[in-house]
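Engineer: Questions regarding the structure given below will be posed in turn.
Derivation of every value follows stated rules applied to the coordinates shown; laboratory data play no part. The model shown is predicted, which means the values in this text are computed figures rather than measured ones. Cβ atoms come from the backbone with ideal geometry, glycine included; neighbour counts cover every protein chain shown.
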Protein chains: 2
Amino acid sequence: MTTFQANFTTAEYLRRIDKTRKAMAAKGLDAIIVSDPSNISWLSGYDGWSFYTYQAVILTHEGEPVWWGRGMDALGARRTVFMEDDCIRGYDDIYVQNPEKHPMEDLSGLLREKGLEKARLGVEMDNYYYAAAAHATLVRELPEATLQDATGLVNWQRAVKSEREIEYMQRAGRIVEVMHEHILEVAEPGMRKNDLVAEIYAAGIRGADGFWGDYPAIVPMAPSGMDATAPHLTWDDRPMETGEATFFEIAGAHRRYQCPQSRTLFFGEVPQKYRDAESAVLDAIDAGLEQAKPGNRAEDIANAFNATLNKAGFEKDSRCGYAIGISYPPDWGERTISFRRGDQTVLEPDMTFHFMPALWLDDGGLEITEPIRITETGHECFCNTPRKLFVKD
Amino acid sequence: MTTFQANFTTAEYLRRIDKTRKAMAAKGLDAIIVSDPSNISWLSGYDGWSFYTYQAVILTHEGEPVWWGRGMDALGARRTVFMEDDCIRGYDDIYVQNPEKHPMEDLSGLLREKGLEKARLGVEMDNYYYAAAAHATLVRELPEATLQDATGLVNWQRAVKSEREIEYMQRAGRIVEVMHEHILEVAEPGMRKNDLVAEIYAAGIRGADGFWGDYPAIVPMAPSGMDATAPHLTWDDRPMETGEATFFEIAGAHRRYQCPQSRTLFFGEVPQKYRDAESAVLDAIDAGLEQAKPGNRAEDIANAFNATLNKAGFEKDSRCGYAIGISYPPDWGERTISFRRGDQTVLEPDMTFHFMPALWLDDGGLEITEPIRITETGHECFCNTPRKLFVKD
C-alpha cells in the first residue's frame, strides 16, 4: 500500500511487468530473482537505502511480484510498493551480515514455498547486489532448480522511457542545469574544493522549479588540474587555483531518475591547447548528435564523434556514452547500451542517454557532455546549459 | 606515487600488509584478490569513485600489492596509492559493462603472469563488488587454481584502529556533531524535507574545525512521522509538521573514515509515549556502555542494553551496534563485529563502533545513538552531542 505520493500508476507498473514477462518467456524462465535496486524499484516502486543488505523482487508469470528483504525494511516496502501487503516478505535480522547464516537461505525457503524449487530461475549474475556468496547459497539450497544468468534482462526493458519517466528526467535535467549555474556563480580561485562541493550538493537537493532533488547515484566529481587527468577522484580541501581547469561531472536527480551533465570551468587565461580541445569536442559532439535519431545504431554516434575528434588530432579510447534513467549507487548508467564501436543497438524514440565525450588531457580534463532523449525524428537535449568551456577570470 | 596529501605513512600501509599476510598464512592462502573498496583503500591508499567497474588489489606474500582496475582509473591509482607505478595495472575499456567480455578475464591473465594460476586464492565471496559473474569467470579462467572464500579477512584486520585512524574518526565525529547542531538551528515545521537535507549535506561537506568533510557512505536519512517507522526511507519534499518526530541518521566523514550518529527531533509537545521511550533508551544506553570495555564481549553490550530496555517494556529485535571505520557506499559498517547475542568477539582498545540502539515505534522512530571507541579502561564517545530527544516548539 502506497502512502508516499506514488511515482507511477499501478497501470504503468503492470505494463512493465508484462513487458518483463515476455522477455522471461523468450528465455524460458519460470521466474526471475531481481537484485538490482533500480530494477527492483522499476518493477515494484520500492525505494529505500536498504540495498546494503540482501533484497529482491521475485517475479513469476502470474500474480503480483513479491518484495523480499530484511524484516525492518518490509515496513519501508509497505510504504512504497504498489503491491498488496501480502506480497511483502521480511527476513529475520539474524541473517544480516552474519558469517554463520546467509539471507539467501531464507529466500530459498520462500522459493520452495512458492513451488519454485525445480524451476528455471533467472538471476542477475553480474550485479553489485548479487555477490558470489549469494549465488553459491542458492545453488546449494536449491539443487533441483536451474539458475540461469539474467543480467540485464530487466535493464533492457527500461531502455524506452514512458511519458512520466521522461517528465522526471526533464525535472532532473532542469536541476543539473541549476547546479551548473550555481557553480558558475559561486566558484572562485582560492575557494576550498569541499566548500564548492557543499554548494553543489545543496543546490542539487533543493531542486529546481519547485521539484525536489533526490540523491545522485554518484557523488559530485570536481577534480582540478592534474587530478582531472584521472576521471574518478573525489574532493578534498585544496583551494582552486588560477590557471587550472576543473571539471564538474554531476547529476540532477528526481524520484531516483538521473540526469548527468558535465561542464568544465577554467580560471584565468585559457591556454591554446584547451581552446583546441574545446573546439574539437564541440565539433565532435555536433557530429555525434547528428547521428542521434531513431533507426541509427548506438555505434553510429561513437563512430561519427570519433572520426571528427581524430581529424582534429585528439583521441578518446573509451566509450562516449551510455543509457540512463532510474538508478541507485554506485552507478547512474543503465548498464545496457554504450556508445562505442560494435554496439549495434538500434535507437528508438524515448531512449535516453548520457552522451559523455570526456577528454582527458596530459595535464587536465575537459568534460562537456549532454544528456539526451531520442525523439521521433532526431533527439533533444535535457538541458539548456551553454555548451562551451566556462571561463572565469 | 602519491601527490595527494597521503592519508597514512608508507610504514603504516606496510604494517597493515604484514598483519594481513599473517591472516592469509593462517588460512593457507597464497594470495588474496581484494574487491571491497574499503579494503582496497586500507591496503593501498587508493581512493576514487570507480568501484562501479571491477577493480582489485592483489596481495601475495612478497613485494608490494598490485592495484588492478579500469585503464582510465589507473591514473587515479597513480595519484593515490603508496606503491610504485609498476604495481598499477589498468585494463582496456572494452571490458567495461560489455556482455561479451568480463574484466575478470583480464585479471586472470594478470594472475597467470604472476605465476598464480595454480595458487590458493582468497576471494571476497560476499562483497558487493565481487558479483556472481566475477567469480564464475575466475573459476572458468583459472581451472587449476583453488578459490577460497576470504570474505572479511581484511575487514577483521581493520578492527583495531591506529592512532592516525582514530584522529580521522575524531574529526569525523566533530563533523557529525556540527551537522546535528546545524539541524537544530535550521529545522522548523513547514520546512520542506529536501531543503533540510540540503543543509545537512552542505554542513557535513564543509566540515568542522578546519577539517573537510568527505562523502558519507550512506545518504542522510531523515524520515518523519509514520515514515520513521521504516528505517531506510530517504527524503522527498513533504514539509515537516508539528506533532511529528523526525530522526536523523547521518554520518560525518573525513578521508573516508565514517562517524555515524543519530538524533531525533520532535516538533511540539512530546507525547508521553516518546518520553517513556526516550527514558528507556537512555537507561539502556547507559547499561550497554557500562559493558563497553576491553575484555568484555560484543554481546555483553547487547545483552545489558536489551535487559534494561525490556525491563522498561520496550523491545528491539535487531542488532544494536556494529564496527565502523573506513568505508565506501553502500554501507558505513565494517561488516565484522555486531552487538547482538551470540557475538563473542572480545573487545580491545581502539576498536570503534556505532552503538546504534534505534527504536522503531508503531507511529514513528526514536534514534539516539553513539559512535564509540574502546579505550584501555573502558570507552569514550566520539561526539559530545547532547544525548536526549531534541524538542523544538
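Engineer: Taking the Cα-to-Cβ direction at A:ASP393 and at B:VAL346 and moving 7 Å from each Cα, how far apart do the two end points lie in nm?
Structural biologist: Between A:ASP393 and B:VAL346, the simple spin-label model gives 7.0 nm.
Engineer: Sequence-distant or interchain residues sharing an amide H contact under 5 Å with B:LEU147, placed H: which?
Structural biologist: Those qualifying (amide H under 5 Å, at least 5 residues apart or on another chain) are B:LEU121.
Engineer: Within the set of other residues whose C-beta is less than 9 Å from the C-beta of A:ASP195, count the net charge using Lys and Arg as +1 and Asp and Glu as -1.
Structural biologist: My count for the surroundings of A:ASP195 gives +1.
Engineer: Would you work out if the stretch B:139-256 is rounded, prolate or oblate? Take a ≥ b ≥ c from the square roots of the eigenvalues of the alpha-carbon gyration tensor; rounded if a/c is under 1.5, else prolate when a/b is larger than b/c, oblate otherwise.
Structural biologist: Oblate, because a/c is 1.5 or more while a/b does not exceed b/c.
Engineer: Mind listing the label-point distances from A:PRO271 to the same position on all other copies, shortest first, one decimal in nm, points 7 Å along Cα→Cβ?
Structural biologist: Relative to the other copies, A:PRO271 has label-point distances of 6.5 nm.
Engineer: Could you pull out every residue, at least 5 positions away or on a different chain, whose amide H is within less than 5 Å of the one on B:ALA245? Hs are placed 1.01 Å off N in the peptide plane, and Pro or chain starts have none.
Structural biologist: B:GLY225
Engineer: Taking a spot 7 Å from the Cα of A:GLU380 along the direction of its beta carbon, which residues of the stretch A:174-215 have an amide N less than 14 Å from it?
Structural biologist: A:174
Engineer: Defining a contact as two alpha carbons under 8 Å apart and six or more residues distant in sequence, what relative contact order in percent does the stretch B:286-393 show?
Structural biologist: 27
Engineer: Have a look at the DSSP beta bridges in chain B and tell me what percent are antiparallel, nearest 5.
Structural biologist: Given both bridge residues lie in chain B, the antiparallel proportion sits at roughly 75 percent.
Engineer: Sticking with this one: First check a/c for the stretch B:163-392, with a ≥ b ≥ c the square roots of the eigenvalues of its C-alpha gyration tensor; if it is under 1.5, answer rounded, and if not, answer prolate when a/b is larger than b/c or oblate otherwise.
Structural biologist: Here the stretch B:163-392 falls in the oblate category.
Engineer: Through the Karplus equation 6.51 cos²θ - 1.76 cosθ + 1.60, θ set to phi - 60°, convert the phi angles of the stretch B:240-254 into ³J(HN,Hα) values in whole Hz; use x for Gly and Pro.
Structural biologist: Whole-Hz 3J(HN,Hα) from phi for the stretch B:240-254: 6, 10, 4, x, 10, 9, 10, 9, 10, 9, 9, 9, x, 9, 9.
Engineer: Whole-Hz Karplus ³J(HN,Hα) for the stretch B:319-334, in order, using 6.51 cos²θ - 1.76 cosθ + 1.60 and θ = phi - 60°, x for Gly and Pro?
Structural biologist: Values, residue by residue: 4, 10, x, 7, 5, 10, x, 6, 7, 10, x, x, 9, 9, x, 8 Hz.
Engineer: So what's the back-of-envelope 222 nm ellipticity for the protein assembly as shown, counting only DSSP H runs of four-plus at -39500 (n - 2.57) apiece and dividing by all residues, rounded to 500?
Structural biologist: Helix contribution divided over all residues of the protein assembly as shown: -10500 deg cm²/dmol.
Engineer: Using just the alpha carbons, could you tell me how many Å³ per residue the convex hull of chain B encloses?
Structural biologist: So the per-residue Cα hull volume is 142 Å³.
Engineer: If the label for A:GLY378 sits 7 angstrom from Cα along the Cα-to-Cβ line, what are its distances to the same label in every other copy, in nm to one decimal, shortest first?
Structural biologist: Copy-to-copy label distances for A:GLY378: 7.3 nm.
Engineer: Using alpha carbon centroids, what distance separates the stretch A:247-261 and the stretch B:285-357, in Å?
Structural biologist: 37
Engineer: Distances from A:GLU188 to the same position in the other copies: list them in nm, one decimal, shortest first, using label points 7 Å from Cα along Cα→Cβ.
Structural biologist: 2.9
Engineer: Under a GNM of chain B (C-alpha, springs under 10 Å), which listed residue has the highest mean-square fluctuation: B:LEU75, B:LEU359, B:LEU121?
Structural biologist: B:LEU75
Engineer: What angle, in degrees between 0 and 90 and rounded to the nearest 10, separates the Cα long axis of helix A:132-141 from the longest principal axis of the Cα atoms of chain A?
Structural biologist: Here the helix axis deviates by roughly 10 degrees.
Engineer: Sequence-distant or interchain residues sharing an amide H contact under 5 Å with B:VAL270, placed H: which?
Structural biologist: none
Engineer: Continuing with the same structure: Quick one: if you stick a label point 7 Å off each Cα along the C-beta vector at B:ASP276 and A:GLU100, how many nm between them?
Structural biologist: 3.4
Engineer: Shifting gears a bit: Please state the shape class of the protein assembly as shown: rounded when a/c is under 1.5, otherwise prolate if a/b exceeds b/c and oblate if not, all from the C-alpha gyration tensor.
Structural biologist: It comes out rounded by the Cα gyration axes.
Engineer: Quick one: of the DSSP bridges fully inside the stretch B:10-157, what percent are antiparallel, nearest 5?
Structural biologist: The antiparallel fraction comes to roughly 35 percent.
Engineer: Using just the C-alpha positions of the stretch A:10-157 as equal point scatterers, what log10 of I(q)/I(0) does the Debye formula give at each q in 0.19 1/Å?
Structural biologist: Debye output, listed in q order: -1.18.
Engineer: Right, another one. List A:PHE247, A:PHE314 from most exposed to least, where exposure is judged by having the fewest other Cβ atoms within 10 Å.
Structural biologist: In increasing order of surrounding Cβ atoms, one gets A:PHE314, A:PHE247.
Engineer: Could you work out which residue, out of A:ALA298, A:ALA136, A:ALA253, moves most in a Gaussian network model of chain A, that is, has the largest mean-square fluctuation with Cα springs under 10 Å?
Structural biologist: A:ALA136
Engineer: A further question follows. If we count every other residue with Cβ under 15 angstrom of A:ASP362's Cβ, Lys/Arg +1 and Asp/Glu -1, where does the sum land?
Structural biologist: With Lys, Arg at +1 and Asp, Glu at -1, the neighbours total -2.
Engineer: Using 0.36 nm times the number of residues separating B:GLU84 and B:ALA25, minus their current alpha carbon distance, what extension gain do you get?
Structural biologist: Computed gain between B:GLU84 and B:ALA25 is 18.7 nm.
Engineer: Counting DSSP beta bridges with both partners in the protein assembly as shown, what percentage is antiparallel, nearest 5?
Structural biologist: Of all bridge pairs located within the protein assembly as shown, approximately 75 percent are antiparallel.
Engineer: Sort out for me the Cα centre separation of the stretch A:13-64 from the stretch A:166-196, rounded to whole Å.
Structural biologist: 34
Engineer: So for chain B, averaging the separation of alpha carbon pairs under 8 Å that are six or more residues apart and normalising by length, what relative contact order in percent results?
Structural biologist: 14
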